[in-house]
Ligand code: HEM
């Protein structure tokens, strides 16, 4: 009897020890410090976990509660890691920024840029060419205060804003169209010294084409992760490709015209177009072909769509927030009286600027992911070369641990002692060597146009029961409509 009981204990011990040994061996083989990951399904991996949310980044936030701040996801064929939390995101953006400076290789991106995503400023991998393109742009996208370039931009934004105010006073078309056309004109004037009649048909078509492409690149596609679905998008991709070709024709016919041939390489460039021409013609290293230079120019002109979509979202928030509008009115009236708002007044109007920050907080998302260019780690967890990295700034912007009532529109959260403050966890434009190249333009142009509109109008809507989608920027062509009521 004793012998039998002993044998049973022995067998149980051996079985348990074997199970632990196998579990441990599997853990070691998988890499002891790999980011944890939920159970996955064949083929789609974890894609199903993204459904049922307004934006997929909300799924990232709920998964982080279960799996920790750094966790792995297999989205279809694509191995991904989601990084949450300010400390981890900063490690990826700054401390190890050079490990995570590539972009995904989605077929959609390739097709949008003539079969080579390296033509794109935002979707290319890091290279000396990208560094050069960024360095060349800086002078135009980050004009320093008190320089000629800043004052010229100030005048462009002011005159653009006057036209916006005039157009909205007799608004017969959609607000988005009015704002987009005027933002496009500010961008073409600033980067290309080229001004257009905002009602002229070819120009309107160019603006509409940009807006459609902007909407398109801001959509998440299952086919990015399951390439066998691409044939279902073929027709749409062809259509969007056609739009990019029409933009190229517009740029060549109406912006470049004869400037490439006539520009003297010895001359100082007057605008971004001439900076590109000078670089290409002088054959500097790393070499940039004229074709690639044109892609960079088209990308940056396209920044106007981001600003226009952003402004329309901002108006949609404001139409629901009469108190915020009253606060802006009071600030502008108290500080400037009837003097026209301009971009130099930003520091004088902190509440107005905080309103822009608050709308940016609510639309922030990791829509432009990174890719690990080498084996690395975040927070001690291994990340393999080639992994797509989502830096979850949506969570940073919406976390109740970091913000008081984060779902509410409260510009005052950015004000301390009547000054604008930007918390360290506010990272809507990414950071490090691949940070957004257009954030200053967003802040300056939005401030000028918002200031001018608020000085003249109260923004209303027939029905304000709508919800403004958070965690996304692009709006469809037919979107919110407003009433601009003269003050
Ligand atoms: C509210 C509007 C905008 C938001 C929220 C936004 C946000 C972002 C984010 C999150 C990134 C990725 C940063 C990273 O990986 O660290 C990015 C990249 C970029 N943005 Fe923006 N952006 C906006 C407007 C603009 C505008 C107006 C322009 C052009 C004038 C622009 C040009 C770029 C470019 C060129 C990149 C790619 C930079 C690179 O990869 O080297 N953005 N943006």
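For the stretch 101-168 versus the stretch 442-484, the spacing of their alpha-carbon centroids is 23 Å. Between the helical axis of 350-363 and the dominant principal axis of the chain, each derived from Cα atoms, what acute angle in degrees is found, rounded to the nearest 10? Tilt of helix 350-363: around 40 degrees. Placing R0 at 25 angstrom, the Cβ-Cβ distance between residue 65 and residue 424 gives a FRET efficiency of 0.65 after rounding to 0.05. Protection proxy ranking of 252-258, 84-90, 283-289, by the mean of other Cβ atoms within 10 Å over each peptide's residues and highest first, is 84-90, 252-258, 283-289.
So, R0 is 45 Å and r is the distance between the beta-carbons of residue 416 and residue 268; what FRET efficiency does that work out to, to 0.05?
Values: r = 42 Å, r/R0 = 0.94.
Efficiency at R0 = 45 Å is approximately 0.60.
Taking Cα atoms, how many degrees apart are the long axis of helix 303-319 and the longest axis of the chain, rounded to 10 and kept between 0 and 90? Tilt of helix 303-319: around 90 degrees.
Ordered by packing density, taken as the mean number of other Cβ atoms within 10 Å over each peptide's residues, highest first, how do 111-120, 265-274 rank?
111-120, 265-274
Between the Cα long axis of helix 128-141 and the first principal axis of the chain there is an angle of about 40°, rounded to the nearest 10. Working from label points 7 Å from Cα in the Cα-to-Cβ sense, the residue 232 to residue 41 distance is 1.3 nm.
Compute the Rg/Rh shape ratio of the stretch 384-439: radius of gyration over Kirkwood radius, all on alpha-carbon atoms.
So for the stretch 384-439, dividing Rg by the Kirkwood Rh gives 1.05.
Equivalent ellipsoid of the stretch 127-256: semi-axes from √(5λ) of the C-alpha gyration tensor, largest first, are 30, 22, 14 Å.
Pull up the DSSP beta bridges for the chain and report the antiparallel fraction as a percent, rounded to 5. Could the numbers behind the result be given before it?
Numbers: 20 of 24 bridges.
Taking every DSSP beta bridge with both residues in the chain, the antiparallel ones total about 85 percent.
Over the stretch 208-326, the fraction of Cα-Cα pairs per 5 Å bin, rounded to whole percents and listed from the shortest bin up, is 2, 9, 14, 15, 13, 13, 12, 9, 7, 4, 2, 0.
Where does the chain land on the Kirkwood hydrodynamic radius, alpha-carbon pairs, in angstrom?
Kirkwood hydrodynamic radius for the chain: 24.6 Å.
Over the stretch 292-421, the ratio between the Cα radius of gyration and 2.2 N^0.38 Å evaluates to 1.37.
Max-minus-min Cα coordinates of the stretch 341-487 on each principal axis give 59, 37, 29 Å, with the largest extent listed first. A straight chain from residue 408 to residue 487 at 0.36 nm per residue would run longer than the Cα-Cα distance by 25.8 nm.
With the simple model of a label 7 Å out from the Cα in the direction of the Cβ, residue 377 to residue 197 spans 6.5 nm.
Order 461-474, 308-321 from most to least packed using the mean count of other Cβ atoms within 10 Å. It would help to have the intermediate numbers written out before the result.
On the way: 461-474: 14.9, 308-321: 23.0.
Top to bottom by mean Cβ count within 10 Å: 308-321, 461-474.
Inter-label distance, residue 118 to residue 385: 1.7 nm, where each label sits 7 Å from its Cα along the C-beta direction.
Every number in this text was worked out from the coordinates using simple rules, so none of it is lab data. Nothing here was measured: the structure is a model prediction, and the numbers come from that model. Every residue, glycine as well, gets a Cβ built from its backbone with ideal geometry; the counts of neighbours run over all protein chains shown.
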